[in-house]
Amino acid sequence: MRRAIARLLLLAGLGCAAAGALLLTVLAPPATLTVAVQPAAGSVAVVTAPGVLDLSGPAATVRAAAGDGRDVFVGVATARDAQAWLGRAARTEVTGVAGSLDEPVARTSAEGSGAAADPRAADVWLASADGSGSAELVWDTTSDEALDAAGGAVAVVATDGTAAAPQRVELTWSLTGDAARHPAAVPLLAGGAVLAVLGAVGLLLHRRPARASRAPARPARQETR
Amino acid sequence: MRPVRTTETRATARAPRTTRAAALAACAAVLALPACAELPAVTAPAAAAGERAALVVQPAQAARVAQAATAPLEAAGDPAATDLDALAERVTGPELDLRRAAAAVAAAGVTPPAAGADDLDAISSVLPRQDGWPRWFLTVTEPGEDGKPSVVVLRSPSAREPYRVWGTPSLLPGASLPTTGAPADGAAVVAPDEDTNLPMSPRAVAERYADVLLHGDGSEFADLFTADAYRSSVVSSAQEQARALEAAGGSLTQERTLLDDSVVAVRTRDGGALVVAGYRSSVTASGPDGGRPGTLQDVAAALAGRDGGVTSVTTVLEEVVVFAVPPGGGQVSVVAVQSGPVSVEAS
């Protein structure tokens, strides 16, 4: 019975350790999280809600492309300044990410109506990038706490502020912390190793008796003369 | 021995089944576990109760904005070749009026007086903490060829419009700016009519100094301000002209008004205030009735579009003045000034 338990421990331990190793390698969550945002019809801008840029990792990347090659603008401003710049303009607000790590989906809502203004003319941007047809901005989120008094940092994507927003907008974060590593991976690996060692020790301590001892040699015939 | 053998046999027979079940469970767990990994959640920044207003611009943003706003001024080295339309994109208020006047004077072939700061590279900034618009902030420049650091006043009327250079007063000899909070800390805004812990409100400072410039030591407010080189030069020049004109039977009249919404202020580190104000002053010099027409000096002639046959001339000047207001009581000091003619009318 003890041998069976030891063997079970060994097998379970090896299984757990293998599972942990798999979760840390082959089955590990993706290194980055990317969501595509589809602007609502009539939106002249796509804006992230406060906290969205800080979703994960030390940086967030905002990419945008307009299919017709129009100029694309990507800017980051404090939430209050972005709100002041947008006013009541029609916009698509990215409020979070739903779905799973493998198939994330942007949660959005459509707000406002009407046009904004050319974002390039404003000085509210903490950082900005623009280009013909597409633009990309990497925002370092490590210093965003300093912007808390202004509501944090948000990203704004637009063309000229009056025409439709770029049709392809992507937000990408580097996954860190629990999102970057499965929370059960290390406990499985460590726990599995312990179980496997216990099982191996158990097997050693309760070794099956050697064949010779189970079938003792027939005693030698005693000859009497 | 037989019953024991029977038990071992059963245990041995059960073991593979148990092992297979455990292996299956482990495989299922491994397949199921990745699905348990959760997306990170959005955490909105929580604004603390009673938190100070935010900086109008972050320090790095201020440097970038100031550089962009002053670039057209740096490019307009030669007043005669200044692109005034391009300048208006990033320059406004007294600075634009003075640069336009300088361009007009230069176009007439006359060397214009210095319109503003000659070096606009920022070495420090004063960043108010303020919500909403209009907004403003200051940068302090390196000393230029004139050896004097300048204060660049930048203003933005709305979130959709850029900061524009509104004035570039230079420090007076021997003067220094009062210490304000470090750029990252910002400085609290003092409303134009607020006089908490101040000898007078920022608006009162601006209005009373205007009176001192008009009436000199005869102003009832003269003792509220320390003596300064600009006040001395304005008052003595006006008195000399007035004496000369009155001796000839003519007259000199002056008036000075605050530019609309020009008074802005921030709290200094010692509890006082740094105040910026803009003025438009007009000085009308009239000769005696029936007197012989006179001629205008080069700059005035260039701005008036005529140089002779003049019996009356009105010169409009614009001024930007920076004050250091002490905490509690005490005299207010003028620390930086920009001044120049923006138009001349002659008849």
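Read the figures in this text as sums done on the coordinates, not as results from a lab. Since this is a predicted model, take the numbers as computed values, not measurements. Here the Cβ is made from the backbone with ideal geometry for all residues, glycine too, and neighbour counts use every protein chain on show.
Computed from Cα atoms, the angle from the helix B:2-36 axis to the main principal axis of chain B rounds to 20 degrees.
Pairs of alpha-carbon atoms within less than 8 angstrom and 6+ residues apart define the contacts here; what relative contact order does chain B have, in percent? Walk me through the numbers before you get to the answer.
Details: 661 pairs, mean separation 53.2, N = 347.
In percent, rounded to a whole number, it is 15.
A simple spin-label model places pseudo-atoms 7 Å from Cα toward Cβ; at A:T172 and A:T32 they are separated by 0.2 nm. The order of A:V138, B:V266, going from fewest to most other C-beta atoms within 10 Å of their C-beta, is A:V138, B:V266. The Cα center of the range A:30-102 and the Cα center of the range A:108-166 differ in position by 8 Å. Between B:E38 and B:V140, the FRET efficiency from the beta-carbon distance, with R0 = 51 Å, is close to 0.50.
Neighbouring Cβ atoms from other chains, within 10 Å of the Cβ of residues in A:53-65, number 1 on average.
What's the local net charge at B:R100, with K and R +1, D and E -1, over the other residues with C-beta under 13 Å away? Intermediate values should be presented prior to the final figure.
Values: positive: B:R99; negative: B:D83, B:D85, B:E95, B:D97, B:E318.
Counting the neighbours of B:R100, the net charge comes to -4.
Helix-only estimate, please: 222 nm mean residue ellipticity of chain A, summing -39500 (n - 2.57) across DSSP H runs of length 4 or more and dividing by its residues, to the nearest 500.
Working: 4 runs with 56 residues, N = 225.
Dividing the helical sum by the residues of chain A leaves -8000 deg cm²/dmol.
For chain B, a Gaussian network of Cα nodes joined below 10 Å ranks B:V325, B:V334, B:V316 by mean-square fluctuation, and the top entry is B:V316.
Contact order normalised by length for chain A, with contacts defined as Cα pairs under 8 Å and 6 or more residues apart; what percent is it? Numbers along the way, then the final one.
On the way: 501 pairs, mean separation 88.2, N = 225.
Answer for chain A is 39 percent.
Just report the Cα centroid separation between the range B:280-320 and the range A:1-27, whole Å. Result: 100 Å between the Cα centres.
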